[in-house]
1. On the Cα set of segment 2-381, report Rg and Dmax in Å, please.
2. What residue among Asn287, Ala4, Gln297 has its Cα farthest toward the positive end of the dipole of the chain, where the charges are +1 on Lys, Arg and -1 on Asp, Glu, each on the Cβ?
3. Taking the Cα centre of segment 45-174 as origin, work out the dipole magnitude from +1 charges on Lys and Arg Cβ and -1 charges on Asp and Glu Cβ, in debye rounded to 20.
4. Determine ³J(HN,Hα), in whole Hz, for all residues of segment 123-134 in sequence, where each value follows from phi through the Karplus function 6.51 cos²θ - 1.76 cosθ + 1.60 and θ = phi - 60°; x replaces Gly and Pro.
5. With the dipole of the chain worked out from charges on the C-beta (+1 for Lys and Arg, -1 for Asp and Glu) around the Cα centre, which of His136, Gly108, Ile180 lies farthest toward the positive end?
6. Check which residues have an amide H placed less than 5 Å from Ala110's amide H, if you skip close sequence neighbours.
7. Pop out the Kirkwood hydrodynamic radius of the chain from its pairwise C-alpha distances, inverse of mean 1/r, in Å to one decimal.
8. Please give me the summed charge of the neighbours of Phe115: other residues whose Cβ is under 13 Å from its Cβ, Lys and Arg +1, Asp and Glu -1.
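What follows draws every value from the coordinates through simple rules; no lab data is involved. Remember, it's a predicted structure, so these values are computed and weren't measured experimentally. All Cβ positions, even for glycine, are placed from backbone atoms using ideal geometry, and neighbour counts span all protein chains on display.
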Amino acid sequence: MIIAIEGCAHGELDQIYRSVENLSRQRNVKVDLLICCGDFQAVRNESDLQCMAVPDKFRHICTFYKYYSGEVKAPILTLFIGGNHEASNYLQELAYGGWVAPNIYYLGYAGVVKFGGIRIAGISGIFKGHDYLKGHFEKPPYTSGTMRSAYHVRSLEVFRLKQLKESIDIFISHDWPRGIYNYADTRELLHWKPFFRDEIANNVLGSQAGEILLHELKPKYWFSAHLHCRFAATVQHNETQSTNFLALDKCLPRRQYLELIEVPHDTNQGLELCYDPHWLAILRSTNHLLSVRPTNQYLPSGGPGSTERWEFYPSQEEIEEIKTIFNDDYKIPSNFLQTAEPFKPRPNYNRNARQAEAQLNPQTTEFCEKLGIDDPLEKLIGKPIIISAPVVNPDEIALEDDDEEEQLGDQSEEPACHESNDVFFVDTKPQKRSSMMVNLWNAVNELEDWKSGKGIILHSVGETFCSGGDLNTVRQISNPDEGYKMSTLMHNTLTRLHQLPLISVALIQGKALGGGAELATACDFRLFTENGEIGFVQGGMGVVTGWGGGTRLVQLLGQHRALELLLTSRQIAAPEAVALGLANGITKSSELTEAVEEAKQWLQPKLCHAPQIVHALKHIVATARAVPYEESLLNERQVFAMLWGGVANKKALEQNIKHK
């Protein structure tokens with residue numbers, strides 16, 4: 001079998017395929033497979049460009065979009081792993097691998113496949129010690145930090161790969177295994193890359209994770225890229241096992257970025273891309289170890305006295321389970337589907353497009369459901385929310401305050417939120433109440449990108465703070481599945497609101513009933529006007545709290561007081577809310593403008609620190625409520641270390657600020 005190996009692709013697929021064709025014609029051979037060693041840049045459109053951690057001058061659409069859109073098809077089956085210059089939002093959809101375009105397959109965070117009997121394994125990303133032990137917590141839209149950490153190698157993938165025992169023919173990584181330079185003459189390498197000298201001398205050039213896997217798995221071939229030069233070495237593990245290492249350059253003229261190798265294979269097996277059953281069994285048996293938290297994740301080590309399982313090489317029973325699940329047919333299905341609009345060429349495309357929201361990929365959903373494992377992205381963002389547009393019956397009798405909506409219907413809709421210096425104001429009851437859920441979702445999206453802000457005040461412009469979702473929409477949600485989707489949408493929205501690194505205040509100047517009460521519990525503080533009332537009235541509607549308010553109410557008041565309010569559905573006036581601890585104060589004025597100004601003045605002293613300090617303190621408190629005690633302590637140490645020596649810390653030291 002002839003396999004073409006390519007270094008860093010950097011989106012230049014047209015050129016790479018031309019080079020493969022020219023080289024195969026010169027050698028008079030047929031290339032069966034192309035392997036790319038990272039920086040593939042599967043950029044579908046302008047939004048994907050914003051998810052690449054590269055300087056603006058390197059943000060180019062290149063040519064992948066043509067293969068994604070179907071304008072052209074890859075002439076050779078192409079297999080690749082991710083590097084550090086990727087549209088991470090797209091690759092994150094395919095955590096366990098999948099087709100990014102017809103005939104182009106991504107191996108995922110880590111993966112093992114078979115092609116013509118050849119066993120190919122690989123790991124995406126580059127090694128950074130400060131993220132190695134964390135979970136896959138990043139999700140689009142990314143911050144500048146998570147845009148980079150999203151492609152950092154994690155210990156879980158290394159742990160899973162270490163469970164493999166059968167021989168690996170080819171291993172693929174982006175960065176080199178650390179220490180590989182000790183197995184060849186480095187003089188030529190230092191001739192081309194003299195700035196590697198200190199890193200080689202200190203043995204820090206390359207990936208520690210790669211070094212572990214190199215000596216653990218002992219593959220016959222190991223291919224890498226990343227350092228933009230050609231380098232070959234042979235690692236002799238023992239008398240019978242050795243690894244031929246080859247790193248290649250990036251796709252540029254007069255660079256050594258492409259080579260053809262011949263790999264012996266079983267000619268009785270067809271040239272089809274297939275899952276590896278042992279890898280499937282390992283994914284299934286280690287699913288419980290998957291973490292999506294930004295804290296160090298636990299992996300079993302099998303120390304003295306340990307009774308838990310710590311070796312996950314598949315048993316015969318586990319292999320039989322995989323055979324049953326896949327009906328002993330491991331061919332990877334050709335189930336590519338577009339999940340975003342492809343780029344449409346035009347002279348001046350939008351280089352400053354916004355990042356798109358995270359979304360699930362049907363390939364991963366199908367794979368996870370079949371294997372019985374979790375999609376890490378789904379654990380972060382939840383299941384897809386699809387609520388049908390409501391069909392309004394013109395003869396239907398109006399309920400509650402729908403008359404108010406009709407009176408306001410002819411008015412132009414005001415913006416749902418606006419910004420003022422450190423504080424962001426969100427209208428919880430826009431003039432068209434049917435759009436409340438969507439407006440709140442959009443406001444949270446905007447607030448997640450507000451890096452210089454410190455606080456939020458949620459209020460309404462009418463006599464009702466918020467009375468929940470649109471009645472017409474609710475009437476159309478007539479079955480448990482649709483109810484679950486609506487609940488999940490609002491759970492996600494209010495959880496994201498609660499976890500914002502901003503200090504939030506709900507100004508309740510009217511009735512906050514049902515979903516409005518649940519919205520109030522998602523805020524850090526609650527201020528009431530004299531006319532403010534709150535009530536968890538869901539029981540009277542024949543349901544329970546559906547937006548997470550029940551859980552948050554228990555956290556605020558304790559289980560006995562929370563249960564009493566939920567069971568009685570009674571509406572609590574401002575003085576009782578303060579006595580219960582559900583309100584943090586009552587404004588002097590009930591007039592909206594004055595009450596909002598009072599709320600702002602009440603909030604201002606809590607925003608006296610620099611934005612990054614406010615964000616960090618909020619993060620510590622929010623994390624403490626959501627994770628076990630030891631994890632919270634670890635998180636607090638990490639946040640402290642991150643800020644120590646930072647701009648705010650240095651400024652305080654320069655001003656000789658002490659504990660006063």
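1. Computed over the Cα atoms of segment 2-381, radius of gyration and Dmax are 19.9, 66 Å.
2. Ala4
3. For segment 45-174, the charge dipole is close to 320 debye.
4. 3J(HN,Hα) across segment 123-134, in whole Hz: 9, 8, x, 10, 8, 9, x, 6, 10, 4, 8, 7.
5. Working it through, the farthest residue towards the positive pole turns out to be Ile180.
6. Ser124
7. Numbers: mean 1/r = 0.0359 Å⁻¹.
In the chain this quantity evaluates to 27.9 Å.
8. Numbers: positive: Lys114, Arg119, Lys331; negative: Asp32, Asp169, Asp266, Glu272, Asp276.
For residues surrounding Phe115, the net value is -2.
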